[in-house]
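Novice: Below is one structure. I have some questions about it.
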Amino acid sequence: MSDPVVREPVVVIHGGAWAIPDKLSSASVTGVCAAARAGYEVLIRGGSAVDAVEAAVRVMEDCPAFDAGTGSVLNTKGEVEMDSVIMDGRELRCGSVACVQNIKNPVSLARAVMEKTDHTLLVGRGANEFAEEVGIQRVPTDSLVTEDAREEWRQFMQFKTTVNVLFRNSKSICRDGGHVTSAACDTRGHDTVGAVALDRFGNTAAATSTGGITAKRPGRVGDSPIVGAGAYADNESGAVSTTGHGESITKVCLARQVTHHMESGMSAQAASEAALQKMAARVKGHGGVVTVGKDGDIGMHFTTERMAWSWIKAGKLHYGLNSGENFVIDV
Ligand code: ASP
């Protein structure tokens, strides 16, 4: 029998595209690097791309520096409502959950939707009931809420900011005389997390997880759990996870745009840039994407001030936060 190993495994991670404040920068970078290592570990042991993206996203859901799982931001009522998606590029199978509460790792619930139901998306109460059915335990709300998230919510409610300011260049749009001060704008968090992977067998997968955006309306669902917007994976092109202003990302189906460009022959990097450019031009939206092409080609781009990102390929870990950065170490 011939060796089924055909690809150099790759994992690419993001920890949210926005104006990440300096006080969070080191935790964000450490978190995305830990996630990349967790995903890569799965891949080099012969695990699947789906296993790798789930493992990577779980690491970031458990890290309070990110707005996903523990550390999720709060809606206007001060509650946690989380969204997540996972997609397997082999047969385009996918599972999502939206507006779920009291779940430690929404990405694993999304995976259960993909593998154990005939559906692709479960929301709210139904998603929570399904979690109980498959043995995913409820956790107390307080265990998911950090003091930073509470403080951010208090300030946000005071300034009555709109979500749109979060993803633009804060230096150009924040204003003291308007709805939001520059200090408020710079420190509001929404660091959604995501991972894409290519395994040794040439299979791709993508996953994204978020608490959404601070002071969102109860019941608001962003782009993250929407297949084609928050993530997409197709072995015939590649896998993509997105972050940024959810309403803009949904309007342009950002993740699917990237794979569409790759189908027409663009590299993962060119496709990522073109899709984000279109989002800026058509709906004035900002954000970021991480991409892996079906042949292991990597794309990473953001139009916000910063995005924590990392990737591992051929035993080298690359990471960065600011535009133009690319630090490299051996794993
Ligand atoms: N896209 C997410 C949302 O709008 C937020 C983010 O990516 O930071 O819910």
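Novice: Is it true that GLY285 is closer than 24 Å to SER72 by Cα, over 16 Å from the mean Cα position of the chain (by Cα) and in contact (Cβ under 8 Å) with a residue 40 or more places away in the chain?
Specialist: For GLY285, the condition - closer than 24 Å to SER72 by Cα, over 16 Å from the mean Cα position of the chain (by Cα) and in contact (Cβ under 8 Å) with a residue 40 or more places away in the chain - is met.
Novice: Can we say GLY288 is within 12 Å of the ligand (Cβ to nearest atom) and in contact with a Lys or Arg (Cβ under 8 Å, 6 or more places away or on another chain)?
Specialist: no
Novice: Something else: Are any residues in the range 97-110 part of a helix (DSSP H, G or I) and aliphatic (A, V, I, L, M), and if so, which ones?
Specialist: Answer for the range 97-110, where residues must be part of a helix (DSSP H, G or I) and aliphatic (A, V, I, L, M): VAL107, LEU109, ALA110.
Novice: Kindly evaluate GLY178 against the criterion of being under 12 Å from the mean Cα position of the chain (by Cα) and either modelled with pLDDT of 95 or more or part of a loop (DSSP other than H, G, I, E, B) (or both).
Specialist: Answer is no for this residue.
Novice: Still on this structure: Go through ASP83, ASP62 for me and flag whichever is of a type in the set (D, E, K, R), under 26 Å from SER237 (Cβ atoms) and at pLDDT 95 or above.
Specialist: Answer to the check: ASP83.
Novice: What are the residues in the range 285-315 that are part of a strand (DSSP E or B), of a type in the set (D, E, K, R) and closer than 25 Å to ASP234 by Cα, if any? Outline the logic, then answer.
Specialist: Kept after step one, since they are part of a strand (DSSP E or B), are these residues of the range 285-315: 287-293, 298-302, 306-313.
Of the ones still in play, those that are also of a type in the set (D, E, K, R) are 306, 313.
Within the range 285-315, just LYS313 meets the criteria.
Novice: Here's another thing I want to ask about it. Suppose we filter the range 51-76 for residues that are buried (at least 23 other Cβ atoms within 10 Å of the Cβ) and not aliphatic (A, V, I, L, M); how many remain?
Specialist: 8
Novice: To continue, here is another question. Determine, yes or no, whether LEU43 is of a type outside the set (Phe, Trp, Tyr), farther than 20 Å from ASP67 by Cα and part of a helix (DSSP H, G or I).
Specialist: yes
Novice: Shifting gears a bit: Counting only residues that are assigned to a loop (DSSP other than H, G, I, E, B) and within 14 Å of the ligand (Cβ to nearest atom), how many does the range 54-68 have?
Specialist: Summing the residues that are assigned to a loop (DSSP other than H, G, I, E, B) and within 14 Å of the ligand (Cβ to nearest atom) in the range 54-68 gives 4.
Novice: Among the residues of the range 293-304, which ones are away from the ligand (no atom under 13 Å from the Cβ) and either within 14 Å of the chain's Cα centre (by Cα) or surrounded by fewer than 20 Cβ atoms within 10 Å (Cβ to Cβ) (or both)?
Specialist: Matches in the range 293-304: ASP295, GLY296, ASP297, MET300, HIS301.
Novice: How about the range 194-269: which strands (runs of 3 or more DSSP E) wholly inside it have at least 1 residues that are under 25 Å from TYR40 (Cβ atoms) and within 9 Å of the ligand (Cβ to nearest atom)?
Specialist: Fully inside the range 194-269 and qualifying: 204-210, 238-244.
Novice: Let me ask something else. Before we move on, is HIS286 over 20 Å from VAL11 (Cα atoms) and either of a type in the set (S, T, N, Q) or surrounded by fewer than 21 Cβ atoms within 10 Å (Cβ to Cβ) (or both)?
Specialist: no
Novice: When both residues are 6+ apart or on different chains and their Cβ atoms are under 8 Å apart, which pairs have a first residue that lies in the range 19-33 and is in contact (Cβ under 8 Å) with a residue 60 or more places away in the chain, and a second that is polar (S, T, N, Q) and part of a helix (DSSP H, G or I)?
Specialist: ALA19/SER170; ILE20/SER28; PRO21/THR187
Novice: Quick one: LEU166 ticks every box in (1) closer than 23 Å to GLY228 by Cβ; (2) at pLDDT 95 or above; (3) buried (at least 19 other Cβ atoms within 10 Å of the Cβ) bar one, so which box is it?
Specialist: That leaves (2) as the condition not met.
Novice: Quick one: would you say GLU79 is of a type outside the set (Phe, Trp, Tyr), under 26 Å from VAL134 (Cβ atoms) and surrounded by fewer than 24 Cβ atoms within 10 Å (Cβ to Cβ)? Full working, then the answer.
Specialist: Values: of a type outside the set (Phe, Trp, Tyr): yes; under 26 Å from VAL134 (Cβ atoms): yes; surrounded by fewer than 24 Cβ atoms within 10 Å (Cβ to Cβ): yes.
The answer is yes for GLU79.
The values are calculated or read from the model by the stated rules, or taken from the named source; none is laboratory data. No experiment lies behind these values; they were computed from the predicted model shown. Note that each Cβ is placed from the backbone with ideal geometry, even for glycine, and that neighbours are counted across all protein chains shown.
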